[in-house]
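J.: Sharing a structure with you now.
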Amino acid sequence: PLARLQVAVELARRKAGPDAEKHLNRIEQEGTRINEMIGQLLTLARADSDKPAVVEPVDLDQIVRRVASDTDYEARQSGREVHVSDSREALVMGDAALLASAVENVVRNAVRYTPPGTSVDISLDATPTRARSFVRDHGPGVPPDDLERIFLPFHRVGASRDRSSGGTGLGLSIAARAATVHGGSIHAVNAAGGG
């Protein structure tokens, strides 16, 4: 249905006059948001199990570097940057797509709230039995009472983190479920000086 909606918008755009363009753009934007939300709900459903659906060797370093590269390219369009400050090979057994989704959701969230002119810094520390990734933005931070709740589906923090920010409220819950399914955990803390 969403693909047909996009086709219908394009056909309407060809036949409609300039007065309709604003409305057609809005329909297209909302269709895109619905499509993204459905994708995130499907990812969350896939993560909502006791163990990963696919178990294979995954190098978290490659995931971190790919996500950083992709998000840096996009972030630079709005005056932000994404840097990998330190990362080394970290092999784990798990679902590569689910782990990549977790890292990407956390990094994209950080990019969304870090102010222009600042960067999101990512590091990955690994030992033979454990891997830990840190993502640091320079945004306003999160009220202390919400630090654990931000990982719940559809939870939003305050007026600055509403629908206009572009999020659906699912990304961090996907990251949390992916961590749990892989025997890990996820935590948020406010940094001194913001972020």
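The values are calculated or read from the model by the stated rules, or taken from the named source; none is laboratory data. Computed from a prediction, not measured in an experiment: that's the story for all the values here. Positions of Cβ are backbone-derived with ideal geometry, glycine not excepted, and every protein chain shown enters the neighbour counts.
J.: Just one of R136, R132, R80 is surrounded by 19 or more Cβ atoms within 10 Å (Cβ to Cβ), in contact with a Gly (Cβ under 9 Å, 6 or more places away or on another chain) and not polar (S, T, N, Q); which is it?
T.: R80
J.: May I pose another question? Taking the condition of being at pLDDT below 85 and under 16 Å from V103 (Cα atoms), how many residues in the range 137-173 meet it?
T.: 4
J.: Could you list, in sequence order, the residues of the range 112-136 that are in a loop (DSSP other than H, G, I, E, B) and either at pLDDT 90 or above or among the polar types (S, T, N, Q) (or both)?
T.: Result: T114, P115, P116, G117, T118, T129.
J.: Separate question: Just give me the residues in the range 10-38 being of a type in the set (K, R) and either closer than 30 Å to I174 by Cα or touching a residue at least 60 places away in the same chain (Cβ under 8 Å) (or both), in sequence order.
T.: Answer for the range 10-38, where residues must be of a type in the set (K, R) and either closer than 30 Å to I174 by Cα or touching a residue at least 60 places away in the same chain (Cβ under 8 Å) (or both): R26, R33.
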